[in-house]
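Chemist: Sending over a structure as structure tokens; questions will come in a sec.
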Amino acid sequence: MKNTRKFIRMFLPFILIFALLTGCGGNANTGTEAPGVGDTNAIGVGETSATGVEDTDGGEQLRIVTTIFPEYDWVRQILGDATDYNLTLLLSNGVDLHNYQPTVDDMIKIANCDLFIYIGGASDEWAEDALKTAVNHDMEIINLLEILGDAVKEEEIVEGMQSEENKDDGDEIEYDEHIWLSLKNAAVCCDYIAETLGKIDPSNADIYAANSENYINKLNALDAQYADAVNAAPVKTLLFGDRFPFRYLTDDYGLDYYAAFVGCSAETEASFETVIFLANKTDELNLSSVLTIENSDGKIARTIIENTAAKSARILQMDSMQSVTARDIENGATYLDAMANNLAILIEATRA
């Protein structure tokens, strides 16, 4: 995977320059394409706009490109119906952040946008090349890891967790990229996004600020519900028979966890030692549930349960929002709904 990324990073700038020289004059993006329209197997089809809103002053649309669904939905909430805009979600076909590779069309959209929002971790190092070839030199760029600063956490290997095979990073520090799974981080990000939109579009800055304040109040209210639920829970440990992208969430509320793999792991098969350790922990802590994330086949979780004494634990699934599709968006998916659903699962998982 890493060798492939290095190859793509070497040649994408040259491909992009050629494409910009030959293709940008035509095929202007009208911003009227709705989620789910077009080739749903192509990355970046989740392109949408404030349909029905016209720019009565005859100005250009505000062009915003986001990499993942939480960013996309935060921007939607902050924009409201204040202006005519073109908002693109690059990862809209179910490919998660760790496996995504940009198309030339994706790179061109980034090069021409007014605002580009990305996580800024190891999984999207490709963005550096897109930004080097930016056509819009007034573009605003939001690297979420940078704006969160000290709130960003290093990846950690907890007891019993299986390390990745063929790890070739040496002593390089890897940061946990799943910052959106903290409602506290989401509030910080939304405030920054609203401020940046106000710089790009000053005439609507007050509207963005008001929309952001209203949305952040909702985030804070849900955050308080999480805190109350965890405080009342008899169980304070989660056990995942899967990858574990929820470290920011568990740290926010003082929960402990065990898991088969780190959140960014590409591993799919757990070792015998990992399975037995997690099964023994399930017994030791008298856990009623083993958790997975979306799109899991549940195989590891089932094997863990089969190796417990009672064999009665249930499998519950939490949503890390790494596989949201254009069709999901068309059907009404939102960040707040996903986090509220995760709270319901968390309550179930932490009962005695």
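The values are calculated or read from the model by the stated rules, or taken from the named source; none is laboratory data. Note that the coordinates shown come from a computational prediction; the quantities given were computed from them, not determined experimentally. Counting neighbours? That spans all protein chains shown, and the Cβs are built from the backbone with ideal geometry, glycine included. What goes into the accessible areas is simple: the full protein's heavy atoms, side chains included, and nothing from ligands, DNA or RNA. Shrake-Rupley method; radii C 1.70, N 1.55, O 1.52, S 1.80 Å.
Chemist: Enumerate the calculated ³J(HN,Hα) couplings along the range 64-74 in order (Karplus 6.51 cos²θ - 1.76 cosθ + 1.60, θ = phi - 60°), each rounded to whole Hz, writing x wherever the residue is Gly or Pro.
Modeler: 10, 10, 10, 8, 10, 4, x, 4, 4, 6, 4
Chemist: Mind listing the phi-derived Karplus ³J(HN,Hα) values for the range 329-339, rounded to whole Hz, using 6.51, -1.76 and 1.60 with θ = phi - 60°, and x for any glycine or proline?
Modeler: 5, 4, 8, x, 4, 9, 4, 4, 4, 4, 6
Chemist: By how many nm would the segment from E60 to S163 lengthen if fully extended, with 0.36 nm per residue of separation less the alpha-carbon distance?
Modeler: Working: separation 103, 0.36 × 103 = 37.08 nm, distance 4.93 nm.
Extra length from E60 to S163 when fully extended: 32.2 nm.
Chemist: Could you give the accessible area per residue of the range 170-226, probe 1.4 Å, as a whole number in Å²?
Modeler: With the other protein chains kept in place, the range 170-226 gives 46 Å² per residue.
Chemist: Give me the one-decimal nm value for the distance between modelled label points at A227 and D150, 7 Å along each residue's Cα-to-Cβ direction.
Modeler: 1.9 nm
Chemist: Assuming R0 = 22 Å, can you tell me the calculated FRET efficiency for the pair N341 and D81, based on Cβ-Cβ distance, to the nearest 0.05?
Modeler: After rounding to 0.05, the efficiency reads 0.25.
Chemist: Further, regarding this structure: Given the range 87-146, what whole percent of its Cα pairs are spread farther than 13 Å?
Modeler: 61 percent
Chemist: Going by average Cβ neighbours within 10 Å, how do the peptides 61-72, 92-103, 172-183 rank, with the highest at the top?
Modeler: Descending mean neighbour count gives 61-72, 172-183, 92-103.
Chemist: Of F244, F277, which has the most accessible area with a 1.4 Å probe, and how do the rest follow in descending order?
Modeler: Order by accessible area, largest first: F277, F244.
Chemist: With r defined as the distance between the Cβ atoms of V135 and N214 and R0 fixed at 45 Å, what FRET efficiency is calculated, to the nearest 0.05?
Modeler: Here the calculated transfer efficiency is 0.85.
Chemist: Moving to a separate point now. Of all the C-alpha pairs in the range 268-324, what % are more than 19 Å from each other?
Modeler: Summing the P(r) tail past 19 Å for the range 268-324 gives 28 percent.
Chemist: Let me ask another. Rounded to the nearest 0.05, what FRET efficiency is calculated for D283 and R327 with R0 set to 56 Å and r the Cβ-Cβ distance? Show your work: numbers first, answer last.
Modeler: On the way: r = 40 Å, r/R0 = 0.72.
My answer for the efficiency is 0.90.
Chemist: If you don't mind, there's one more thing I want to ask. Need the C-alpha centroid separation for the range 72-135 versus the range 168-219, integer Å.
Modeler: 14 Å
Chemist: If I ignore ligands, DNA and RNA and count only protein heavy atoms, how much of K311 is accessible to a 1.4 Å probe, in Å² to the nearest 10?
Modeler: Estimated to the nearest 10 Å², K311 gives 120 Å².
Chemist: Take V104 and K199, extend 7 Å from each Cα along the Cα→Cβ direction, and tell me the distance between the two endpoints in nm.
Modeler: Result for the modelled spin labels: 3.2 nm.
Chemist: Of the accessible area of the range 235-352, with the probe set at 1.4 angstrom, what percent is carbon plus sulfur?
Modeler: Carbon and sulfur together cover 48 percent of it.
Chemist: Quick one: of K132/K199; K184/K236; K109/K199; K109/K184; K153/K311, which pairs are farther than 26 Å apart, Cα to Cα? Let's see the in-between values first.
Modeler: Numbers: K132/K199 22 Å; K184/K236 20 Å; K109/K199 21 Å; K109/K184 30 Å; K153/K311 35 Å.
Pairs exceeding 26 Å: K109/K184; K153/K311.
Chemist: Here is a follow-up. Please identify which residues in the range 250-290 have an amide N closer than 17 Å to a label point set 7 Å out from the Cα of A309, following the Cα→Cβ vector.
Modeler: 276-289
Chemist: Accessible area per residue of the range 249-341 at 1.4 Å probe, in Å²?
Modeler: With the other protein chains kept in place, the range 249-341 gives 44 Å² per residue.
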